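K.L.:
Below is the structure I would like to discuss, written out as structure tokens.
Bear in mind that the values in this text are calculations on the coordinates, not laboratory data. Fair warning: this is a prediction, and the values are worked out from it, not measured in the lab. Neighbour counts are summed over all protein chains in view; Cβ atoms, including those assigned to glycine, are modelled from backbone coordinates with ideal geometry.
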Amino acid sequence: MADNRVVVYAGPGQVAIENTEFPKLEIPREVSQGLGIKQAAPHAVILKLVTTNICGSDQHMVRGRTTAPVGQSLGHEITGEIVEIGEDVLFHQVGDICSVPFNIACGRCRMCNEGKTGICLNVNPARAGAAYGYVDMGGWVGGQAEYVMIPFADFNLLKFPDRDAALEKILDLTMLSDIFPTGYHGAVTAGVTTGSTVYVAGAGPVGLAAAYSAQLLGASRVIVGDMNADRLAQAASFGCDIADLSTGDSLTDIVADLLGEPEVDAAVDAVGFEARGHGAGAGEAPATVLNDVMGIARAGASLGIPGLYVTGDPGAVDEAAKIGQIGVRLGLGWAKSHTLVTGQCPVKKYNRQLMNLILADKAHIAKAVNATAISLDDAPLGYAQFDQGAAQKFVIDPHGMVRA
Ligand SMILES: NC(=O)c1ccc[n+]([C@@H]2O[C@H](COP(=O)([O-])OP(=O)(O)OC[C@H]3O[C@@H](n4cnc5c(N)ncnc54)[C@H](O)[C@@H]3O)[C@@H](O)[C@H]2O)c1
Ligand SMILES: [Zn+2]
Ligand SMILES: [Zn+2]
């Protein structure tokens, strides 16, 4: 028996499960040396994973579309039970079940003090912001594992108030580590409010979470666009209108048919740089969705852009896109006075309130994204099916606590 097992990137299109050492209460050497912070981490805890989800953000690495090296550990969507605790952790105890924001944040820097936990200054020597199991994000070990170390635990952990209630709703609560707050952030930063009409690009888990969040925020109509029929059906299952972009019909015409006018109040990009052009069999065209949301949103709108854009893409369609330079028609957004909100979602800004909604039985995010629990050994299968566009959000359950 190994001390721990973790999912790793094993080359384009492949993941594997590797034996590894049990985590220590230590931050990565890369962070410690790069930023001159001591490696010992008495502010950390070790979690036994209860759930850890597969994300579209992982797929960018697994498809070979980032600079992630083979062996990169994976997993930033973490929910777990505390099994070991550092001596400086004051407000958590062994046995607590907690959600972990995918952003790693120190809780002490200028950005953390402003609530901008996606761009913490003390967790990644290469740039602002870090995450577990992600390329260029500080070298923190991923949580698609049996056990994982969480630093600055008092700041980062969101404790579920009641263990039994938490385990009962765990497939909903597991979405608090990323996609529920991220989708909600997409809708909030797009300015969605009571009565808004909304376009969400992408019917993957983040797009579905954004659409569901727009409904929570009181949107009158939510239109979800994608080319994947199963995922569009998933969006329709909880009351969204759909824009089937596989037909080649123009988005403007689809929206005009649905709403009686060719514009929406608010738009969200839940696709990112691997966007494809419209029409059956269209190839990759990375600026498609940014241009779509600028085209379809009314003048003066805000655009929520949780969809991820990279600074380095070895598999890009052309030389410019290899450094993240894509054909965005910024003049269009400028002429319409659009506000663009990009970057990692600061999960801590939303996770407690969304937890409260789940526990009060007023948000059913697991159903909206079709959460599906699998074992750690089935992670490679989950990755393959998700890559093929399954209308499911795969939740790895390393200790069988969910399936039990
Ligand atoms: N900002 C953040 O904090 C944050 C957090 C989580 C995920 N993300 C990013 O959000 C994006 C979505 O994540 P996901 O897990 O849902 O990914 P996903 O890959 O499962 O979903 C993307 C969907 O977009 C569709 N699509 C492709 N081109 C399109 C187009 N032109 N118009 C409409 N739909 C199109 C695809 O068919 C697919 O269903 C990814 O880029 C991911 O990295 C960002
Ligand atoms: Zn994620
Ligand atoms: Zn910080």
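K.L.:
Provide the packing ranking of 17-23, 199-205, i.e. peptides ordered by the mean count of other C-beta atoms within 10 Å per residue, highest first.
P.N.:
On the way: 17-23: 15.4, 199-205: 30.3.
With the highest mean Cβ count within 10 Å placed first, the list reads 199-205, 17-23.
K.L.:
May I pose another question? If I stretch the segment between Leu90 and Asp378 completely, what's the gain in nm (0.36 nm per residue apart, minus their alpha carbon distance), one decimal?
P.N.:
Numbers: separation 288, 0.36 × 288 = 103.68 nm, distance 3.66 nm.
Difference between extended and current length: 100.0 nm.
K.L.:
Can you give the alpha-carbon Rg of segment 256-337 over 2.2 N^0.38 Å, where N counts its residues?
P.N.:
Values: Rg = 13.5 Å, N = 82, 2.2 N^0.38 = 11.7 Å.
Its radius of gyration relative to the 2.2 N^0.38 Å reference: 1.15.
K.L.:
Among Gly389, Met355, Ala379, which residue has its Cα positioned farthest towards the positive end of the charge dipole of segment 289-404, with +1 placed on the Cβ of Lys and Arg, -1 on the Cβ of Asp and Glu, and the dipole taken about the Cα centre?
P.N.:
Checking the options against the dipole of segment 289-404, the answer is Met355.
K.L.:
Ok, one more. Suppose we take every Cα in segment 181-341 and form the convex hull; what volume per residue is that in Å³?
P.N.:
Details: hull volume 16.2 nm³, N = 161.
Taking the convex hull of the Cα positions in segment 181-341, it is 100 Å³ per residue.
K.L.:
For segment 181-341, what is the relative contact order in percent, using Cα pairs closer than 8 Å and at least 6 residues apart in sequence?
P.N.:
Values: 372 pairs, mean separation 36.6, N = 161.
Rounded, it is 23 percent for segment 181-341.
K.L.:
Subtracting the Cα-Cα distance from 0.36 nm times the residue separation, let me have the gained length for Trp334 to Ala40 in nm, one decimal.
P.N.:
Numbers: separation 294, 0.36 × 294 = 105.84 nm, distance 4.81 nm.
101.0 nm is the gain from fully extending Trp334 to Ala40.
K.L.:
Also, I was wondering about something else. From the gyration tensor of the Cα coordinates in segment 31-184, what semi-axes in whole Å does the equivalent ellipsoid have, largest first, with each one equal to sqrt(5λ)?
P.N.:
Working: eigenvalues 100, 79, 42 Å².
Value: 22, 20, 14 Å, ordered largest first.
K.L.:
Of the residues Ala270, Ala316, Ala256, which exhibits the maximal mean-square fluctuation in a Gaussian network model of the chain defined by a 10 Å Cα contact cut-off?
P.N.:
Ala256
K.L.:
Here is a follow-up. Considering the chain, what Rg and Dmax in Å follow from its alpha-carbon atoms?
P.N.:
Cα only, the chain: 20.2, 62 Å (Rg, Dmax).
K.L.:
Which residue, Lys169, Lys159, Lys393, tops the fluctuation ranking in a GNM of the chain built on C-alpha contacts under 10 Å?
P.N.:
Lys169
K.L.:
Related question: Highest mean first, how do 211-221, 67-77 rank when packing is the count of other Cβ atoms within 10 Å averaged over residues?
P.N.:
Working: 211-221: 22.5, 67-77: 20.5.
The most tightly packed comes first, giving 211-221, 67-77.
K.L.:
Students often forget the sequence filter, so: which aspartates and glutamates lie under 17 Å Cα-Cα from Lys393 once same-chain residues fewer than 8 apart are removed?
P.N.:
Cross-link targets: Asp58, Glu77, Asp172, Asp178, Asp226, Asp230, Asp377, Asp378.
K.L.:
If you line up the Cα atoms of segment 141-274 on their principal axes, what length do they span on each, largest first, in Å?
P.N.:
That gives 50, 30, 26 Å along the principal axes, largest extent first.
K.L.:
Relative contact order for the chain using alpha-carbon pairs under 8 Å, separation at least 6, rounded to a whole percent?
P.N.:
Numbers: 1029 pairs, mean separation 70.0, N = 404.
With pairs under 8 Å counted, the relative contact order is 17 percent.
K.L.:
What angle, in degrees between 0 and 90 and rounded to the nearest 10, separates the Cα long axis of helix 205-216 from the longest principal axis of the Cα atoms of the chain?
P.N.:
70
K.L.:
Quick one: putting +1 on the C-beta of Lys and Arg, -1 on the C-beta of Asp and Glu, what dipole do you get for the chain around its Cα centre, in Debye to the nearest 20?
P.N.:
Numbers: 28 positive and 43 negative charges, 175 e Å.
Once rounded to the nearest 20, the dipole reads 840 debye.
K.L.:
Next up: Which of the aspartates and glutamates could a cross-linker bridge to Lys322, judged by Cα under 15 Å and excluding same-chain residues fewer than eight apart?
P.N.:
Leaving aside aspartates and glutamates fewer than 8 places away in the same chain, those within reach of Lys322 are Glu274, Glu284, Asp313.
K.L.:
Just how far, in whole angstrom, is segment 29-86 from segment 268-286 if you go by their alpha carbon centroids?
P.N.:
If we compute the Cα centre of each part, the gap is 29 Å.
K.L.:
Right, next: Across bins of 10 angstrom width beginning at 0, how are the C-alpha pair distances of segment 299-352 distributed, in whole percent?
P.N.:
The distribution over segment 299-352 is 21, 36, 33, 11, 0, given as percents.
K.L.:
Output the pairs from Lys169/Lys367; Lys24/Lys48; Lys24/Lys349; Lys116/Lys349; Lys38/Lys159; Lys116/Lys367 with a Cα-Cα distance over 20 Å in this structure; if there are none, say none.
P.N.:
Working: Lys169/Lys367 11 Å; Lys24/Lys48 13 Å; Lys24/Lys349 28 Å; Lys116/Lys349 8 Å; Lys38/Lys159 27 Å; Lys116/Lys367 29 Å.
From Lys169/Lys367; Lys24/Lys48; Lys24/Lys349; Lys116/Lys349; Lys38/Lys159; Lys116/Lys367, over 20 Å: Lys24/Lys349; Lys38/Lys159; Lys116/Lys367.
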